[in-house]
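The values are calculated or read from the model by the stated rules, or taken from the named source; none is laboratory data. Small disclaimer: the values here were computed from a predicted structure and weren't measured. We place every Cβ from the backbone using ideal geometry, glycine too, and count neighbours over all the protein chains shown. Calculation scope for accessible area: heavy atoms of the full protein, side chains included, ligands and nucleic acids excluded. Shrake-Rupley method; radii C 1.70, N 1.55, O 1.52, S 1.80 Å.
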Amino acid sequence: MTITGIITALIIGAIVGVLGRLVVPGKQAMPIWLTILVGIIAAFLGTALARAIGIPTATSGIDWRELAVQVVLAAVGVALVAGFYGRSSGRRRPLVR
């Protein structure tokens, strides 16, 4: 993998992370850097999963099916990380009676 390929993967991962965050309903209590990190991981896993289930790799232009797999994985990742991040941030909700 070249430097250009790595930089492209990081940019695509950031976009996938933001799209995944937009798909998840509600407000996520997590910083943007964590969203981008989830997106990068989802982009790599989504590419591997797309190839494993037989989505062709040689397409001209944007491979929309692979992108859809990546965004779904990013949405799941954002939902999971936001749930854990919100709980472990140390903020407690007051008890309401």
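Report whether or not residue 55 is surrounded by 10 or more Cβ atoms within 10 Å (Cβ to Cβ), at pLDDT below 85 and aliphatic (A, V, I, L, M).
Working: surrounded by 10 or more Cβ atoms within 10 Å (Cβ to Cβ): yes; at pLDDT below 85: yes; aliphatic (A, V, I, L, M): yes.
So residue 55 passes the test.
Quick check on my filter: what residues within segment 15-52 are among the small types (Gly, Ala, Ser) and open to solvent by less than 20 Å² (accessible area, probe 1.4 Å)? Explain how you work it out, then say what you get.
Keep residues of segment 15-52 that are among the small types (Gly, Ala, Ser), which gives 17, 20, 26, 29, 39, 42-43, 46, 48, 50, 52.
Of everything in segment 15-52, those that are among the small types (Gly, Ala, Ser) and open to solvent by less than 20 Å² (accessible area, probe 1.4 Å) turn out to be 17, 20, 39, 42, 43, 46, 50.
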Identity of the residue in segment 60-86, open to solvent by 60 Å² or more (accessible area, probe 1.4 Å) and assigned to a loop (DSSP other than H, G, I, E, B), that ends up nearest to residue 17 (Cα to Cα):
62
Scan (1) at pLDDT below 80; (2) part of a loop (DSSP other than H, G, I, E, B) for the single condition residue 25 breaks and write down its number.
(1)
